[in-house]
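Here is the structure we will look at, set down as structure tokens.
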Amino acid sequence: MINQILGKKVGMTQIFKEDGTRVPVTVIEAPPSVLVQKKTVETDGYNAVQLGFVKGKKDRFSRPIVGHFQKHGVDEPTKVLKEVRLESFEGLEDLKEVGVEIFAAGDKVDITGVTKGRGFAGVFKRYRIGGAPATRGTHENFRHIGSLGGGRSSATRVWPGRRLPGHMGCDNRTILGLEVVGVDKEAGCLMIKGAVPGANGGILRVRKTNRGNRS
């Protein structure tokens, strides 16, 4: 059985429990994902299905992409394709779409997304390095990285793994053991306790898990 779907991050809000407790939640828009292709051990060496998300117009796709969808009986191509590994295809013989109905309030999920891109960042922002003292004769080096580990030998060099300025963000990240607070089947939305990776509008992969709640 498929244990995950694709969704789009809408943003954060809050809900209140009966006892007045405020719970911060992330709203994920998750209309049904289309089952595009089934991969089997006989043909591909493993069992998996392709999930399609965010339908688009045919004239916006290349002919090979449209042909791929038509070959597997899908009339409308999708902008996002993700593969889900499976142990077996039991119960999927006639399934065409999968949506939020596979989740229920109280379920634990792992959510994967792409973090916000921060561009080129220094070590203060990228690694939260404390920096140099602001007194005692420090000159123009308050936010600098400091010594790179130089020495007097001919083998002196900067070792791999050194924390340096560079590109920050746009990384795949997974938050484990988040709790599903609410499921709206009619609207195709999930409410997840806490924050999830990425900016509003980003594509997320929501997967059931047996892990305990992070909180």
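The values are calculated or read from the model by the stated rules, or taken from the named source; none is laboratory data. Since we're looking at a predicted model, the values are computed, not measured. All Cβ positions, glycine included, derive from the backbone under ideal geometry; neighbour counts span all protein chains shown.
Of all residues in the stretch 134-186, those satisfying the criterion of being surrounded by 10 or more Cβ atoms within 10 Å (Cβ to Cβ), of a type in the set (A, V, I, L, M, F, W, C) and assigned to a loop (DSSP other than H, G, I, E, B) are Phe142, Ile145, Leu148, Val158, Leu164, Cys170.
Checked against the criteria, Val114 does not count as farther than 19 Å from Thr174 by Cα and surrounded by 10 or more Cβ atoms within 10 Å (Cβ to Cβ). Filtering the stretch 1-18 to residues that are at pLDDT 90 or above and either over 25 Å from Ala104 (Cβ atoms) or charged (D, E, K, R) (or both) leaves Lys8, Lys9.
Any chance the stretch 75-85 includes a residue that's in contact (Cβ under 8 Å) with a residue 60 or more places away in the chain, in a helix (DSSP H, G or I) and under 28 Å from Pro32 (Cα atoms)? For the stretch 75-85, residues in contact (Cβ under 8 Å) with a residue 60 or more places away in the chain, in a helix (DSSP H, G or I) and under 28 Å from Pro32 (Cα atoms): absent.
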